[in-house]
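Taking it in order: structure first as structure tokens, then the write-up.
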Amino acid sequence: MFYLNFYVLTDVQNGGKVYHICRKNDHFRRENSITMTNKPILALVVSSSGTLQNGLLALITTIPSISAVLVAEDVKSTLRMVENHQPALVILDISAPDMQDVIKQIKELYPHIHLIVLADDIAQGKEAEELEVDNVLIKGFSAYKLVAIVENLIDRREEPPPVQVNPE
């Protein structure tokens with residue numbers, strides 16, 4: 001058994017929240033990390049506030065390789081948080097307004113970011129698959145399935161490309 005403590009910082013500039021996770025045996029966990037890296041792995045949950053957002057947050061924070069979870073509720077804050085924090089993983093509820101455009105922008109500008117889309121039904125899921133996301137889950141999925149998908153994506157994640165500075 002392990003205990004989780006959360007440090008919640010409101011990211012006013014980006015319009016969302018950042019949940020930093022501190023585990024009781026944090027030093028041990030870092031040395032035995034699944035990903036064998038000391039770089040923090042950030043996840044972004046995009047969903048309107050409520051039961052789904054709270055459930056995703058509670059579930060994702062239990063995954064040992066995730067060091068912080070960002071939360072956004074709308075298009076503007078989602079795009080800002082992706083640009084400023086470049087999370088390794090985005091879990092997005094596609095039923096929120098304009099989220100298909102958000103997916104397209106993330107895939108185009110940040111192809112190294114993994115996207116898991118949550119859909120209300122099969123038709124919505126097929127629309128998401130056409131956007132070439134990493135995974136689509138129809139709401140009502142099991143917690144075990146989501147955790148397995150997240151861990152699989154993290155294990156095979158690629159490092160983001162280095163920032164290129166153009167000398168003047």
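For the pair Glu108 and Val147 in one chain, pulling the backbone fully straight at 0.36 nm per residue adds 11.5 nm over the alpha carbon distance.
Scanning residues 5 or more positions from Ile41 or on other chains, those with amide H under 5 Å from its amide H are Ser67, Ala68, with H placed 1.01 Å from N in the peptide plane.
Listed from fewest to most Cβ neighbours within 10 Å, the set Glu132, Glu73 follows the order Glu132, Glu73. The ranking of Arg156, Arg80 from fewest to most other beta carbons within 10 Å of each one's beta carbon is Arg156, Arg80.
Here, each number is a calculation from the coordinates, and none is a lab measurement. Not measured: the values here are computed from a predicted model. Heads up, the Cβs are rebuilt from the backbone with ideal geometry, glycines too, and the neighbour counts pull from every protein chain shown.
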